[in-house]
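The values are calculated or read from the model by the stated rules, or taken from the named source; none is laboratory data. The structure displayed is predicted, hence computed values, not measured ones. Cβ placement follows ideal geometry from the backbone for every residue including glycine, while neighbour counts extend to all protein chains displayed. Note: areas computed on protein heavy atoms with side chains; ligands, DNA, RNA excluded. Shrake-Rupley method; radii C 1.70, N 1.55, O 1.52, S 1.80 Å.
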Amino acid sequence: MVYLRAKKIKSDDYLYLVKSVWDSKKNTSKQEIVKYLGKASEVVKDDIPIDYRNDPKILSVLAFHNPDNLEKREESTKKSKQLLYKKLTDGDIHSSVKIYDEYIKIFNSADFFDKILRPVMYKIGDDWANSKISIATEHVASNVAQTLIRIIMNTVTKNANKKKILICVPVGEEHHLGCDVLETYLSIKGFKVYNMGTSIPTESLLNFIENNKPDIILVSITLEDNISAGQRLVKKIKECYNIPILVGGFAIQSKKVSRFDATVIPDATLEEIPKFFRAA
């Protein structure tokens, strides 16, 4: 059973998502923390891991601790998405940076990437596919988003003390915004990140692996047309190296990916990605 537990520190309540686990040695149940959520007055529904987000009991506890601010914060997130969409499609990098700066005063970078930038970029892609915006507007928005990620990345204090992560894409995949977001977030978390960006020849990638010896390889696939190329890339890496490989990206969310000889990451938030490193 999973539920929210509040702990009072001074005059403020702080929330933890906990679960009951049976201890067979002591023949009793014990609590394990699933996730620390933060100050109760600032926790919103999207802070809850997706598997438990719509649990009526959890929503009830959130409403109890923050009945007014919960709705206001969700409305703030909605408005931030609408405003970022407009600024990206207008090609306005300065306003886009300002939106980010204002957002992280209350939330954090992971929330910005997961709850603002990612859904906005999905909408821009869908609007282009449905002829609601032109290909030129889509390119402008993508370029501004990539510049925004670089600006955020430049603010990161690089103090890598964890595993070395190689992020790459299969040959033919030219979308690398997701890779840039991952690089920024994982760098913030202390990982050493090699971001290959757009596709390079497989032999060059294998030589890079040989010379730099990453602990984990992340393969990102955005377009469904590149799934076969991704499968070939994973197979080739497996033939040469015994390194854990994770595969994720927009393309695989609606596809059967059983043929991947790798760990497939579902539609996870950035905060959930490192747990796959521990399991790899």
>> Using a Debye calculation, one point per C-alpha and no hydration shell, please list log10 I(q)/I(0) for the range 1-153 at q = 0.16, 0.18 Å⁻¹ in order.
In response: -0.92, -1.04
>> Using only DSSP helix segments of four residues or longer, with each worth -39500 (n - 2.57), what per-residue ellipticity at 222 nm results for the chain after dividing by its residue count and rounding to 500?
In response: -13500 deg cm²/dmol
>> With mean projected area of the Cα convex hull in nm² as the read-out, I listed [x] 16.2; [y] 14.0; [z] 17.9; which label goes with the value calculated from this structure?
In response: [z]
>> With a 10 Å cut-off between alpha carbons and a GNM built on the chain, which of SER60, SER24, SER80 moves the most?
In response: SER24
>> Between SER228 and ASN27, what is the label-point separation in nm under the 7 Å Cα-to-beta-carbon projection?
In response: 6.1 nm
>> With a 1.4 Å probe and all protein chains left in place, how much of the accessible area of the range 46-187 comes from carbon and sulfur atoms, in whole percent?
In response: 52 percent
> If the convex hull of the alpha-carbon atoms of the range 141-248 is projected onto planes in all directions, what is the mean projected area in square nanometres?
Replying inline: 6.7 nm²
> Is any residue of the range 11-45 close enough, with backbone N under 20 Å, to a label point placed 7 angstrom from the Cα of ALA268 along the Cα-Cβ axis, and if so, which?
Replying inline: 17-19, 33-37
> Among the lysines, which fall within straight-line cross-link reach of LYS25, defined as a Cα-Cα distance under 30 Å, with same-chain neighbours fewer than 8 residues apart omitted?
Replying inline: LYS7, LYS35, LYS57, LYS275
> So which lysines pass the test for LYS87, namely a Cα distance under 21 Å, with those fewer than 8 places away in the same chain ruled out?
Replying inline: LYS78, LYS79, LYS98, LYS105, LYS115, LYS123, LYS132
> Arranged from highest to lowest average of other beta-carbon atoms within 10 Å per residue, in what order do the peptides 238-246, 182-190 appear?
Replying inline: 182-190, 238-246
> ASP46 label point, 7 Å along Cα→Cβ, cut-off 11 Å on backbone N: hits in the range 129-157?
Replying inline: none
> What does the range 13-56 give for Rg and for Dmax, in Å, if only its C-alpha atoms count?
Replying inline: 12.8, 38
> Computed FRET efficiency, Cβ-Cβ of LYS78 and ASP261, R0 41 Å: what is it to the nearest 0.05?
Replying inline: 0.50
> Could you give the nm distance between label points at SER60 and GLU210, where each point is 7 Å from its Cα heading toward the beta carbon?
Replying inline: 6.2 nm
>> Classify the range 80-206 from the C-alpha gyration tensor, please: rounded if a/c falls under 1.5, else prolate or oblate depending on whether a/b exceeds b/c.
In response: oblate
> Which of the trypsin sites (Lys or Arg not before Pro) across the range 23-121 are loop residues per DSSP, with 14 or fewer other Cβ within 10 Å?
Replying inline: LYS25, LYS26, ARG53, LYS105
> In whole Å, what is the distance between the alpha-carbon centres of the range 102-136 and the range 1-70?
Replying inline: 28 Å
> Under a 1.4 Å probe, what is the accessible area of the chain per residue, stated in Å²?
Replying inline: 56 Å²
